[in-house]
Amino acid sequence: MKSLSVLPAAVAVVLLSGCGADPAPSATPAPPSAAPASEQAPPGTPCGEIAGFQGAKNKVVAYGKTDCAEATQVFTDYFAKLTPAEATSPQGPGPVVIGAWTCGSGPNDPVTTCSTEDERQIEAKRS
């Protein structure tokens, strides 16, 4: 009979042995890491190439809330409106107004930038 009375005590010891032990490690929140690569990359959406002044190819990039269709149309209109005198100006071409957009660049600058009063921006870079 003695062996039967030991059995409940042994079961109790096994069950209670986990009570004094350290609790299972909880999920520790991951340390703050750097922002995802997509957030670290310079902003802008590549919109393809268009023909610029004298047929030079230009890569169009739209920023913020401007879509590629609008960006491409603004630069198509800009390069169509740009005169040879404006294009070769010592101060650089522009400013040239295309609807809500004002476009221009510095002398010999391969990048033409257009912006609006509500801070939208697009650019075309000679490739």
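Values quoted throughout were computed directly from the atomic coordinates according to the rules given, and no laboratory measurement underlies them. The structure displayed is predicted, hence computed values, not measured ones. For neighbour counting, all protein chains shown are included, and Cβ atoms are generated from backbone atoms with ideal geometry for every residue, glycine included.
Below is a table of values for the structure above.
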| item | result |
| --- | --- |
| Built amide H within the under 5 Å cut-off of GLY52, gap 5+ | LYS57, ASN58 |
| As computed over the stretch 42-126, the Cα convex hull volume per residue (Å³) | 84 Å³ |
| Set of aspartates and glutamates with alpha-carbon distance to LYS59 below 16 Å, sequence-local pairs under 8 removed | GLU49, ASP67, GLU70, ASP77, ASP109, GLU123 |
| Extended-chain gain in nm, criterion 0.36 nm per residue less alpha-carbon gap, ALA100 and THR116 | 5.2 nm |
| Residues ILE50, ILE122, sorted so that the one with the fewest Cβ neighbours within 10 Å comes first | ILE50, ILE122 |
| Sorted by Cβ density within 10 Å, fewest first, the residues TYR63, TYR78 | TYR63, TYR78 |
| Calculated P(r) of the stretch 58-107 - Cα pairs past 14 Å, % | 53 percent |
| Fewest-first sequence of PHE75, PHE53 by Cβ atoms within 10 Å of each Cβ | PHE53, PHE75 |
| For the stretch 77-83, Karplus couplings with θ = phi - 60° (6.51, -1.76, 1.60), whole Hz, Gly/Pro x | 5, 4, 5, 5, 7, 5, 8 |
